[in-house]
Amino acid sequence: MTGPSTDSAAPNGAGNEAVRWVAKLLIALGSALPEGPSGKWQCPAHARTGAHAPSLGVGVRDDGGVWVHCHAGCTTKEVCHALGLTLDHLTRPPRLSAQAWIRTRRLQVGFPAPKVTAHPRARGLRHEAFHSYGPRFCLERLRHPVTGEKAVEWHAVNPQGEWVPGLLGTRIADLPLYRENDLAMAVGAGETVLVVESESSVDALNRAGWYATTWAGGAGAPPCERLATILGGHDQVVVIGDADGPGRACAAKLAETLPGAVVMFSERDGEDARDLLDRLGAAGLSARITAAAQAAHAAHAARSAENTGDPVAA
């Protein structure tokens, strides 16, 4: 992946001519200056109306071009369009000055005052856990010790081997599964793999002796293609969905993706896999999984009998 060497650039800071030119253009357009070396600019593609937190990272790619990434979701092409640029300009900036470029392209000048968002640690949240997604990405969970407020922050390794904030342009959908390397061992050994909805559940299940995995992005966006590639041919997969509306909808998607998987939930609303393990213990959860598997196999046999008209199969 081509990534940045820094997450922002100032006109007189490190970086090549193209990065300095883009930084000068953002300043001339009225974007608030980034705070610190990993700060962000106001995004010209979406931050023109209302108060928005600065979200645009600008840095140097490995190939010497400009790396542009809006953490609010705007594409590089949308950002370039808002600046009157083509993607080629990220390698070869216009010969005009930033001010002349604004006049020539008739670009809108001015941004609303940026929305000030206090860092989670400034709100009293403290580190709770790190969850590694392969060797290059890590999710940090933070929690307030009194209110229980939660937040997450992503970290990634830049081309210099340094851990920096953010994902450096990688989409969450392109991240590996959590503990993905363990799954090859589980599949090869014919072990049961539990698919759950949170990293904390995976960690708790691992400590109890289970192979388990999850994904980044939450219940609304399971990476069905990746799960099918890794676990689609494995006949020992159990999905433990969260016992709520989003969890049940997610489990339905996973059942379509992994048609041989057993799907189960806690009978108590709101419980997830870790809650179930805490309440039942490892032996109790094992018994519950066995019962769910037996029920699923019996239901499958009954459907097969109904479809074939063979009463023995039922």
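Against the main long axis of the alpha-carbon atoms of the chain, helix 245-257 sits at an angle near 80°. Couplings for the range 85-102, taken from phi via the Karplus curve 6.51 cos²θ - 1.76 cosθ + 1.60 with θ = phi - 60°, read 9, 9, 4, 5, 5, 6, 9, 10, x, x, 7, 6, 5, 4, 5, 5, 5, 4 Hz in order; Gly and Pro are left as x.
What is the sum of charges, Lys and Arg at +1 and Asp and Glu at -1, for the other residues whose Cβ falls under 13 Å from the Cβ of THR147?
Around THR147, the surrounding residues sum to +3.
Computed from the alpha carbon atoms alone, the convex hull of the range 91-149 holds 172 Å³ per residue. Overall, the accessible surface of the range 220-272 at a probe of 1.4 angstrom is composed of carbon and sulfur to the extent of 48 percent.
So for the chain, averaging the separation of alpha carbon pairs under 8 Å that are six or more residues apart and normalising by length, what relative contact order in percent results? Can you show the working numbers first?
Numbers: 535 pairs, mean separation 33.0, N = 314.
11 percent.
Compared with the dominant principal axis of the Cα atoms in the chain, helix 17-29 is inclined by about 80°. The amide H of GLU128, built 1.01 Å from its N in the peptide plane, has ARG141, LEU142, ARG143 as neighbours under 5 Å, considering only residues 5 or more places off or on other chains. Taking the chain as a Gaussian network of alpha-carbon nodes connected by springs under 10 Å, the highest mean-square fluctuation of the residues ALA189, ALA252, ALA219 belongs to ALA189.
Taking one equal scatterer on every alpha-carbon of the range 58-162, how large is log10 of I(q)/I(0) by Debye at q = 0.16, 0.17, 0.22, 0.24 1/Å? For the range 58-162, the Cα-only Debye profile gives -0.95, -1.00, -1.20, -1.29. Remark on the chain: ratio of C-alpha radius of gyration to 2.2 N^0.38 Å is 1.26. Across the range 201-208, coupling constants 3J(HN,Hα) worked out from phi with the 6.51/-1.76/1.60 Karplus curve, θ = phi - 60°, read 5, 4, 4, 5, 5, 4, 5, 8 Hz, and Gly and Pro carry x.
Rounded to the nearest 500 deg cm²/dmol, what is the calculated helix-only ellipticity per residue at 222 nm for the chain, with -39500 (n - 2.57) per DSSP H run of length n ≥ 4? Write out the running numbers ahead of the final one.
On the way: 8 runs with 104 residues, N = 314.
It lands at -10500 deg cm²/dmol.
Per residue, the chain exposes 52 Å² of accessible surface when a 1.4 Å probe is rolled over the protein heavy atoms with every protein chain present. Expressed as a whole percent, the accessible surface of the range 155-203 that belongs to carbon and sulfur atoms is 50, based on a 1.4 Å probe.
For the Cα atoms of the chain, what angle does the longest principal axis make with the long axis of helix 180-189, in degrees from 0 to 90, nearest 10? That works out to roughly 20 degrees.
The values are calculated or read from the model by the stated rules, or taken from the named source; none is laboratory data. Every value quoted in this text rests on a predicted model; they were computed, and no experiment measured them. With ideal geometry, Cβ positions are generated from the backbone for all residues, glycine too; neighbour counts draw on all protein chains shown. Accessible surface areas use protein heavy atoms only, side chains included; no ligands, DNA or RNA. Shrake-Rupley method; radii C 1.70, N 1.55, O 1.52, S 1.80 Å.
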